[in-house]
1. Pulled fully out, how much extra length does the chain show between residue 137 and residue 254, if you take 0.36 nm times their separation in residues and subtract their Cα-Cα distance?
2. Hey, which aspartates and glutamates would be in cross-link range of residue 191, C-alpha to C-alpha under 16 Å, not counting anything within fewer than 8 residues on its own chain?
3. Which of rounded, prolate or oblate describes segment 141-261 when judged by the alpha-carbon gyration tensor and an a/c cut-off of 1.5?
4. Distance from the Cα centre of segment 42-69 to that of segment 197-261, in angstrom?
5. Here are some pairs, 149/214; 214/258; 149/258; which of them have Cα atoms lying more than 20 Å apart in this structure?
6. So how strong a dipole does segment 152-199 carry about its Cα centre when Lys and Arg Cβ are +1 and Asp and Glu Cβ are -1, to the nearest 20 debye?
7. What does the extension gain come out to for residue 82 and residue 147, with contour length at 0.36 nm per residue minus their alpha carbon separation?
8. Given the peptides 74-80, 62-68, 164-170, arrange them by the average over their residues of other C-beta atoms within 10 Å, most packed first.
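A short reminder: the numbers here are calculations on the coordinates, not readings from a lab. Quick caveat, the model's predicted, so the values are computed rather than measured. Every residue, glycine as well, gets a Cβ built from its backbone with ideal geometry; the counts of neighbours run over all protein chains shown.
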Amino acid sequence: MDVMVRLLLVTGLLMLAACVSTPMPHHSRAHTHSATQKTSHHHKPLIRYVRKNDTLYSIGKQFGVDYHLIAKRNHIRYPYHIYIGQRLYIDRSAPAAHDATTRKFRHVARAPQRTAKKHQRHSSAAYQRKAQGVQVHFIWPVNGVVTSKFGRRGTRMHDGIDIGAKEGTPVRAAAAGEVVYADSRLSGYGKLIIIRHNRNIFTAYGHNQRMLVKRGGHVRRGEIIGRVGHTGHATGPHLHFEIRHGSTPVNPLFYLPKRKR
């Protein structure tokens, strides 16, 4: 009888031990490891060494990260000089460079590029030299006071500057170029004009009361292209003005001439 009791006790202990130490099924363990590895990989910054012809913009575009955030992560100040061999930390968990509005802007800006060559063949040699130039020299599109600057506005990004002016004030082209958009289909901008100044530089003029140019036309620097209004999402008459490198907005105040006080 004692032997039977001992056997039953031993058997019970073995069963209990088996329950406690039951290994995780192979597929579940592999899934958990993969998920952990994926999460860790997503949040771990990538180290990227600067190569010849690299710019912060091109590196940001390569990894889908706003180059302003790369500059901030690596303590690089404007005008964002980098050197060959420099080590950069790329945080791929950072917001991508293109929000919904920027994706629309990029689509609108790129679409006319196929027809731009046809227009260019018939344009003057002087215009072609300007369009292909590396630098673009801007003027102020409106005489007025900057009422809202470029940068973060609460939880959102303000992609340009707002220049306050009376309704109907002339809006001038900040530089020579080709009108690639003149419409009111982009949400919030109201009557919007976009001008391409070379292969990768654009200016945008939003909230116009009237647009005096059409898509495909060429404009000179200082030419009147519209009238200040408050169409779209605007609480009062002003011009919303943007400068973009490709589809990435930059601070217009870095490019416009300084005003005398």
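1. Values: separation 117, 0.36 × 117 = 42.12 nm, distance 1.15 nm.
Length gained between residue 137 and residue 254: 41.0 nm.
2. 162, 167, 183, 242
3. It is rounded, given that a/c, with a ≥ b ≥ c, falls under 1.5.
4. If you average the Cα positions of each part, the centres end up 29 Å apart.
5. Details: 149/214 28 Å; 214/258 30 Å; 149/258 15 Å.
149/214; 214/258, as the Cα separations exceed 20 Å there.
6. Working: 9 positive and 5 negative charges, 32 e Å.
The dipole of segment 152-199 has a size of about 160 debye.
7. On the way: separation 65, 0.36 × 65 = 23.40 nm, distance 3.29 nm.
Extra length from residue 82 to residue 147 when fully extended: 20.1 nm.
8. Numbers: 74-80: 11.3, 62-68: 18.1, 164-170: 15.4.
Ranking, from highest mean packing down: 62-68, 164-170, 74-80.
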